[in-house]
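Before any comments, here is the structure.
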Amino acid sequence: MSTTEGPTLIPDSAAAQAMADREAKGRRRRGWFPGLGDKWNALPRHIQWLWLMVVVVIAYLLPILNPPFITTEPGNNWQIALAQMSVYALVAVGLNVVVGYAGLLDLGYVAFFAVGSYTAAMFTSPDSPYLHIPYLWTLPLAMAITMFFGVLLGVPTLRLRGDYLAIVTLGFGEIVRILATIIPAMKGQVGFQNVGHPPGTDANGDPIFLNSNGTPWYWLTLTVIIIVLLLAGNLERSRVGRAWIAIREDEDAAEIMGVPTFKYKVWAFAIGASVGGLSGALFAGQVGFVNNQKFDIATSILFLAAVVLGGTGNKVGAILGGSLVAYIPLRFTSIAEFKYLIFGVALVLIMIFRSAGLLPARQRLLAYGRLAYNKLKEPPMSRRVQVTTDGGKEAGDE
Amino acid sequence: MISEAIPSLIHAVPMAVPMDDTWITFDVNSLAENFWSSTFDGLTFGAIYALVALGYTLVYGVLNLINFAHSEVFIVGCYGVFFTLSALNFGPSAPHLPFWAIVGNLLLALVVAVIASALTAVIVERVAYKPLRRRKAPRLAFLITAIGVSFAIQYLIYWWRGPSPEAALTMFRPTPIFDVFGTIVDSQQLVIIIAAVILMVATDQFIRRSKTGRGIRAVAQDPDTATLMGVNKEKIILTTFAIGGLLAGAAALFYVMKIPSGVQYNGGFILGVKAFAAAVLGGIGNVRGALLGGLLIGLIGNYGQVLLGSSQWTDVVAFVVLVLVLVVRPDGILGTSLGKSKA
């Protein structure tokens, strides 16, 4: 590693840290909704929950409301568009665990999505000669299988520096598609039709979950997203989440501080993979048809664009980014053809000009921890802090 | 059906066409029969991989960055070759030309491809990576930018030229030169391997002996100290990208010679992954390692496809090799450091 990376040597580290803390606290102009995050955090817990309930109710009502302006252009069914958006949002939430929390670049996320889709298809479609199980059971099964693949891929590569993971996952994304073409059991381009769906019939005796009706699929996926969000939020605040952030910020420092980085990296990768598999299974159910043409690497980059656009490390941002990436081509049909070009350029521009994305993650988590620590030890320790500061200055002057 | 899915990435080896029900074989006889022909073919592809791998290795050595856009630098070179050949009125079947006319055409195509690729590489560096360096962006930002650039260039070409591969243009008819163990080596294979090896030796010597080469090694070893010692870091980085682009342009010419129908917007992508695998196999950041790794990946891929019975296995085999190398010997065969290589 070259010396340009990693922490720079600052003569007076305590003062610099205090400055960084102040900066983190006083920084207002980050994000396109300045101050919103702070206002939100200032609200009492129960008011937050109340607002969240309102947002959730509106989200559930979206397919019925069909709001003008927002609705998709003619030719793109709004309910099905919503279902697709929700699947993309779920994908982005899963990828955000890998890229956003743990800072691992997974460029073959579509492979996990594909494995999930194929799991759902091969265990439910009448085209498949194998064991058939109810569709809903394929959701946990898809998660388990993709998690297995995640560990299989993660264990050899995560011991190394993060960038090897990028190329290995990139290769894996393409290999899954090639294998789906070669292996006869996966039926290549012919694919699997009539993938299963959850049970239930309406008053007329027709099944509720039809491929042509996006609403129930949207509701199902939205429910899954909410559950995953709650779990991911808990993880984020737990020891695991703190370990991920430590790894993302400085892997060597985390390792020295006793964080088993390899273990937590594999966890992040496997959890991300399993959410990818889950969304793949939902996608297969909604579309009802799975073949090898849907899982090219371009889709993978689209997923990454969703996370980066929304704000790496922010789960709400991931949902926003995922929905936008699915929504924009359906809302503006004229540019749908260029969506890959647009999102590719967007990736570069965001990284250069606005690396935090639309909804920046709360980077001040670490600064917040330090502030709390300083506040606790301040009264009796103030002199000692002074002494170390002076010492630092002297060392710096030499 | 199968060939429709991935038209450009298949190395056409006609003896390895699988039956419908035998999607995977373990045909040692076939390998023994075709051993020499697949060796020569593998070496040809290996030479191409090695040239592309050099670009990855140099940039990785200097910047610690996987330059995903390098596969697009390569494919831009392929388009350079394609347009030169179209301008020279080449068609699907090779015309009968005198020897010197063939050499002239090849050199012209080479020059165009090299300029196109090197320019692309330099522009990518200036537009995408330099602003990030100035901002001291984290590693992840570099990688995401790299894949974004790769993607943007791919779909820029897609937007311009459409999804289907360009018409196949052949430059000259491969003529048998000599045979080894009953296998004919043709002029095409010979030209590619010899030219590629010359280029690689030249690159190696350039890095080891020239002043700029010393600068590249110095920056790879320690950018800050190199700057203090009077090395212009930005200029060195730009030179590194240009050299990588130049070699990718040469590889593009050989690739179009070998697979005339391979000029497609995403045609460089898998080749890029394989070239990177080659760089890792030889030891990333190591110039001679890239050469060795490229040839090995070419050979292993070709043996694998003959053994397993389908040309599509080439990519899978190369990928498995990459993962195995990372597990067993992540430093590669010759070890990883551009900076530590002796002058």
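Quick rundown of the values:
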quantity: Chain B - mean residue ellipticity at 222 nm from DSSP helices (-39,500 (n - 2.57) per run, n ≥ 4, rounded to 500); calculated: -22500 deg cm²/dmol
quantity: A:295, A:209, reordered so the largest accessible area comes first (probe 1.4 Å); calculated: A:209, A:295
quantity: Pairs from A:294/A:339; A:263/B:130; B:211/B:233; A:263/A:315 whose Cα-Cα separation, in the structure shown, is over 24 Å; calculated: A:263/B:130
quantity: Among A:340, A:227, B:295 the positive-end extreme of the charge dipole of the protein assembly as shown (Cβ point charges); calculated: A:227
quantity: Accessible surface buried once A binds B (1.4 Å probe; total of both sides; Å²); calculated: 4600 Å²
quantity: Shape of region A:86-131, Cα gyration tensor, a/c cut at 1.5; calculated: prolate
quantity: Test item: Cα-centred dipole of chain B, Lys/Arg +1 and Asp/Glu -1 on Cβ, debye; calculated: 1900 debye
quantity: Residues of region A:94-128 buried by at least 50 Å² on assembly (accessible area, 1.4 Å probe, chain alone as reference); calculated: A:105
quantity: Rel. contact order, % - alpha carbon contacts under 8 angstrom, at least six apart, chain B; calculated: 37 percent
quantity: Accessible area expressed per residue, region A:44-367, with surrounding protein chains retained (probe 1.4 Å, Å²); calculated: 40 Å²
quantity: Å² per residue, accessible surface of region B:191-322 at 1.4 Å; calculated: 30 Å²
quantity: Prolate/oblate/rounded call for the protein assembly as shown, Cα gyration tensor, a/c under 1.5 rounded; calculated: oblate
quantity: Sequence of B:164, B:117, A:238 from largest to smallest accessible area, 1.4 Å probe; calculated: B:164, A:238, B:117
quantity: Residue B:288 accessible area, assembled protein chains, probe 1.4 Å, Å²; calculated: 110 Å²
quantity: Accessible carbon and sulfur surface of the protein assembly as shown relative to its total accessible area, %, 1.4 Å; calculated: 67 percent
quantity: Inter-part distance where region B:113-153 and region B:62-91 are each reduced to a Cα centre, Å; calculated: 16 Å
quantity: Among B:96, B:229, B:260 the positive-end extreme of the charge dipole of region B:38-267 (Cβ point charges); calculated: B:229
quantity: Positive dipole terminus of the protein assembly as shown, leading residue within A:361, B:53, B:310 (C-beta point charges); calculated: A:361
quantity: Given charges at beta-carbon only (K, R positive; D, E negative), |dipole| of region B:239-343 in Debye; calculated: 260 debye
quantity: Whole-number D in µm²/s for region B:38-267 (Stokes-Einstein; Kirkwood sum over Cα pairs; 20 °C, 1.002 mPa s); calculated: 116 µm²/s
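The values are calculated or read from the model by the stated rules, or taken from the named source; none is laboratory data. This one's a predicted model, so the numbers in the text were calculated from it and none came from an experiment. Reconstructed Cβ throughout: ideal geometry from the backbone, glycine too, with neighbour counts over all protein chains shown. Just so you know, the surface numbers come from the protein's heavy atoms only, side chains and all, with ligands and any DNA or RNA stripped out. Shrake-Rupley method; radii C 1.70, N 1.55, O 1.52, S 1.80 Å.
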